Amino acid sequence: MAQKKYFITGIGTNVGKTIASAILTEALQANYWKPVQAGDLQQTDTHKVQSLVSNSQSVFYPEIYRLNTPASPHAAAKIDGIEIDLAKFILPQTKNNLIIEGAGGLMVPLNSKDLVIDLIAKLNVEVILVSQNYLGSINHTLLSIALLKSRNIPVKGIIFNGETTPETESFILKHSGLPCLLRISLEQEISKEVVLKYAKQINSNANF
């Protein structure tokens, strides 16, 4: 079976990239990598995904940059007195599937000239876009897809997170031509059991 490598990005911040990454890591028994962590260094996204994954195969790689301030990476790096260097981002060598979780959305700056989308292009991996339904999410989702297509970056599909809005989702899917890979409902608590439930849905999805 061919190795799968996906970069998980979102239409904005706090739209569900980490829970989506945990589900995909579990479903594919993949390795996980968060290249840049800004803030929450005692409870990083890597820690969160580790705590939600049940399989024993997944390997969790250290971040390239661990920044102290919960802010845009370029600003957090400046506070720490460093500058993020795109050349330092090299895909981990593995024969296993790999899930890479981004920071914020596509146009989040990493330094004075490079954006998250530039990191995706450098890593040369397929994207899964996480969308959350809110007023304006159609615009944000379609703009993100248009930007990815303009850079010839392949997009596997969309994961919708949170409250379901059928009109919004159907318009996005029809206009973009992309498949819905998963719908994550509003959950009272995100646990290993919840992640396993959605991982089974991923594994039964013909698009994977």
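Worth a mention:
- Number of the condition not met by ARG66 [criteria: (1) at pLDDT 95 or above; (2) within 27 Å of LEU182 (Cα to Cα); (3) not hydroxyl-bearing (Ser, Thr, Tyr)]: (2)
- Identity of the residue in the stretch 164-201, out of contact with any strand residue (DSSP E or B) (no Cβ under 9 Å at 6 or more places or on another chain), among the polar types (S, T, N, Q) and surrounded by fewer than 14 Cβ atoms within 10 Å (Cβ to Cβ), that ends up modelled with the lowest pLDDT: GLN188
- When the residues of the stretch 1-43 are filtered to those that are hydrophobic (A, V, I, L, M, F, W, C) and in a helix (DSSP H, G or I), the one that is surrounded by the most Cβ atoms within 10 Å (Cβ to Cβ) is ILE23.
- Selection within the stretch 84-117: residues that are buried (at least 16 other Cβ atoms within 10 Å of the Cβ) and charged (D, E, K, R). The member of this set that is farthest from VAL155 (Cα to Cα) is ASP114.
- If you filter the stretch 85-134 down to residues that are charged (D, E, K, R) and within 22 Å of ALA30 (Cβ to Cβ), you find that the one that is farthest from the chain's Cα centre (by Cα) is LYS95.
- Those residues of the stretch 78-115 which are in contact with a Phe, Trp or Tyr (Cβ under 9 Å, 6 or more places away or on another chain) and assigned to a helix (DSSP H, G or I), in sequence order: LYS88
- Sub-7 Å Cβ pairs linking a first residue in the stretch 109-122 that is without any contact (Cβ under 8 Å) to a residue 24 or more places away in the chain and under 14 Å from SER72 (Cβ atoms) to a second residue that is of a type in the set (Val, Ile, Thr) and buried (at least 20 other Cβ atoms within 10 Å of the Cβ), at least 6 apart or interchain, are LEU115/VAL108, ordered by first then second residue.
The values are calculated or read from the model by the stated rules, or taken from the named source; none is laboratory data. Since the structure is predicted, the reported quantities are computational estimates derived from the model, not experimental observations. Heads up, the Cβs are rebuilt from the backbone with ideal geometry, glycines too, and the neighbour counts pull from every protein chain shown.
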